[in-house]
Amino acid sequence: MRTLALLPLLTFVIACGGDGTPTGGPEPPSLGDFPVGTYVGTIEESDVSDDYLYLVGTHRITFTSNATWNLILNGVSAVTGRFSVSGSQISITDVSGTYSCAQVGPTYATGTYTWSFDGNALSFTVVSDNCTGRVVGMTTSLMIRQ
């Protein structure tokens, strides 16, 4: 009877490769050399036209190893989403938030950029993006690694 009680535990250990780490299942996203982490940049009034004054202030963006991201603008969560990387290109998709371009419509949800990182600063150049607010936010200032 005790042998049967240990069967579920033994099955778990075998399925997890013996150390409790699951084997199989979905692979984590491939992010290549993209430097996940938290970055901070600042947009000044003089950097933008009147249409984009809502973007003025401190931008804190976090890119995670599970391909999600979050933008905090002036201490308030503004947009969350997911991203994918292919070489030096990143596709950023808004999912939710006050300034989410996904609210405008599906053709505004995702933008594609090239990225570069010098070991401290992350910068983006637009490839294609229908959401002009995201373009301004992503390309106006360098993002410094925290």
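The values are calculated or read from the model by the stated rules, or taken from the named source; none is laboratory data. All values reported here derive from a predicted model rather than from experimental measurement. Backbone-built Cβ (ideal geometry, glycine too); neighbour counts: all protein chains shown. We work out accessible area using only protein heavy atoms, side chains counted, and drop any ligands, DNA or RNA first. Shrake-Rupley method; radii C 1.70, N 1.55, O 1.52, S 1.80 Å.
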Please give the contour-minus-distance gain from residue 91 to residue 53: 0.36 nm per residue of separation, less the Cα-Cα distance, rounded to one decimal in nm.
-> 11.2 nm
Once Lys and Arg are counted +1 and Asp and Glu -1 for all other residues with Cβ under 11 Å from that of residue 100, the total becomes 0
In nanometres, what is the gap between the two model label sites at residue 104 and residue 145, each 7 Å from Cα along Cα-to-Cβ?
-> 3.2 nm
Where the range 37-144 is the region considered: accessible area per residue in Å², 1.4 Å probe | 49 Å²
Whole-Hz Karplus ³J(HN,Hα) for the range 111-124, in order, using 6.51 cos²θ - 1.76 cosθ + 1.60 and θ = phi - 60°, x for Gly and Pro?
-> x, 10, 9, 8, 10, 9, 9, 9, x, 9, 10, 10, 10, 10
Pairwise Cα inverse-distance average, inverted: Kirkwood Rh of the range 65-127 (Å) = 12.4 Å
Using only C-alpha atoms and all pairs of different ones, pull out the Kirkwood radius for the range 33-146 in Å with one decimal.
-> 13.9 Å
Leaving ligands, DNA and RNA out of it, work out the accessible area of residue 73 with a 1.4 Å probe and give it in Å² to the nearest 10.
-> 10 Å²
